[in-house]
1. Being outside the structural domain of GLY197 (by TED's automatic domain parsing), among the hydrophobic types (A, V, I, L, M, F, W, C), modelled with pLDDT of 95 or more and surrounded by fewer than 18 Cβ atoms within 10 Å (Cβ to Cβ): is that true of ALA446 here?
2. Run GLY197 past the list (1) within 27 Å of PRO253 (Cα to Cα); (2) not charged (D, E, K, R); (3) not in a loop (DSSP other than H, G, I, E, B) and report the number of the one that doesn't hold.
3. Residues being touching a residue at least 40 places away in the same chain (Cβ under 8 Å) and not hydrophobic (A, V, I, L, M, F, W, C): count how many of those fall in the range 12-25.
4. Of all the residues that make up the range 276-297, how many are in a loop (DSSP other than H, G, I, E, B) and under 22 Å from the mean Cα position of the chain (by Cα)?
5. Within the range 115-138, identify whether any single residue is surrounded by fewer than 20 Cβ atoms within 10 Å (Cβ to Cβ) and among the polar types (S, T, N, Q), and answer yes or no.
6. For LYS330, are the conditions met, namely being modelled with pLDDT under 95 and out of contact with any Leu (no Cβ under 7 Å at 6 or more places or on another chain)?
7. Can you name every residue in the range 139-156 that is of a type outside the set (Gly, Ala, Ser), crowded, with 22+ Cβ neighbours inside 10 Å and either in contact with a Lys or Arg (Cβ under 7 Å, 6 or more places away or on another chain) or outside any loop (DSSP other than H, G, I, E, B) (or both)?
8. Could you check the range 387-408 and list, in sequence order, the residues that are in a loop (DSSP other than H, G, I, E, B) and in contact (Cβ under 8 Å) with a residue 60 or more places away in the chain?
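The values are calculated or read from the model by the stated rules, or taken from the named source; none is laboratory data. This is a predicted model, so every value here is computed, not measured. Cβ placement follows ideal geometry from the backbone for every residue including glycine, while neighbour counts extend to all protein chains displayed.
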Amino acid sequence: MTALHFRSAADLARLVQAREISAIELLDHFVARVEQYNPAINAIVATDFDGARKAARAADAALAGGESLGPLHGVPMTIKDAYEVAGLRSTGGAPEYAEHVPTRHADAVARIEKSGGIIFGKTNVPYLSGDLQTFNAVYGTTNNPWDLTRGPGGSSGGAAAALAAGLTGLELGSDIGGSIRTPAHLCGVFGHKPSYGIVSKRGHIPGPPGNLSQPDLSVSGPLGRSAEDLDLLLSVVAGAEGHDAAGWRLELPAPRATSPKGLRVAVWIDEPFCDIDPEMAGLLRNAAQALQEAGASVDWSARPGFSFAESTEIYLTLLHGTMAAGFPDKIRAHFAEVARTLDPADKSHRALQARGGSLSHAGWIAMNERRERLRAHWARFFQDFDVVLAPVLMRPAFAHDQNPDWNARRLSVNGVERPYADTLLWAGPAVVSYLPASAAPVGLTAAGLPVGIQIIGPYLGDRTTIAVAGMVENLVGGFRPPPGY
């Protein structure tokens, strides 16, 4: 039988509801795990065990009185430190917010608490969630439980590491550049980047505390140890908030398929613009083959009506524009000066950062029109296919590299040194076109490092990508704990 701390959050909720374990007993089990294993990983960086115990006892009392608090009743969980949790230090990994203790929850956190989740801590992030590694000057470095010399990814790196090590029951992450999917892949857990706009980001850092606007591209979504957990938490946090709540209600379509039979799959693994580690590619193909053998229709060469390079250019330009909105004026002025000197044919990371970082509003409107044309191509493509299977990242977990100059960092793939910023490339197609994308583990490399697959679906087809993650889970094994935990 699976150890309690490695059970899915859905299983934990069922155990509490059936009174096979109390919420306080379950919480104390995870607290003991944190005290034993977290020091070496540094995934959980702020805690409120006393407050959580009070909430757990209240959950047990409610259940004893015949009352269910909701689908997360009694589930101990942590929250990425990008989100404000009332009464708990919420830093976003930034020294300037090191003493920030909010008085209200982020919208998604409030939904979690209202649904019975027991929040006992925060998980580590990079500075303002701006890296695909997890380290900052407030809390230090988070290590990957599969290999402590490697990173767990970012920016939801603490979240994924805590889940993999069995230190928490469930997690809420955020994603603008793979920040849910990349840590899920590197730590061997599940993650879901929702369709843009269906989960409120009020109370997320960045922007600054008190910010009310929704940034372009960025989304909030679940991480867990099963596909069922993704669906469970998405159902809790998705929906209208604020002004929108007066006029609309979210009703996500049911999955297009509930088993591989009849499922229409396109496979986008081979891509000259961003090739990937060959051993990892083999595990991804094995997952696609397993779906095919179970009855899915699989096309190994179909592509939407645009190139990966075109999508990447639009994505990175808009991404850098969004990120630069919070930069000082002198930095944006520097980007503008660099952009003026560029050859129009230069599509390097440096060039796209400069153009995006100095994008005018008129320039954004023009780029947004190009994005809408991508979305139209995807909509036509998803008339013939239900999901696209793709890599999450070009390689498995890599060693810590905290050089502050991203342009100086390099990653080896197939014996070739690649720019560190290439870690953004496979995240881009889903982000720029507002599509849902789930990540599911598909096995281990010969070196014992986990590999995940990315499942991209049509806009608002979140239930479909999560359902396919569940099919992959059943066919190739799903979550497995790292050795020693």
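1. yes
2. Single failed check for GLY197: (3).
3. Quick first cut of the range 12-25, residues touching a residue at least 40 places away in the same chain (Cβ under 8 Å) only: 12-13, 16-17, 19, 22-23.
When the remaining residues are screened for being not hydrophobic (A, V, I, L, M, F, W, C), the result is 17, 19, 22.
So the count comes out to 3.
4. Restricting attention to the range 276-297, the residues satisfying the condition of being in a loop (DSSP other than H, G, I, E, B) are 276-277, 294-296.
Those left that are additionally under 22 Å from the mean Cα position of the chain (by Cα): 276-277.
Qualifying residue count for the region: 2.
5. Among the residues of the range 115-138, not one is surrounded by fewer than 20 Cβ atoms within 10 Å (Cβ to Cβ) and among the polar types (S, T, N, Q), which makes the answer no.
6. Yes, satisfied.
7. Correct list: ASN144 only.
8. Answer for the range 387-408, where residues must be in a loop (DSSP other than H, G, I, E, B) and in contact (Cβ under 8 Å) with a residue 60 or more places away in the chain: VAL392, LEU393, MET394, ARG395, PRO396, ALA397, PHE398, HIS400, ASP401, GLN402.
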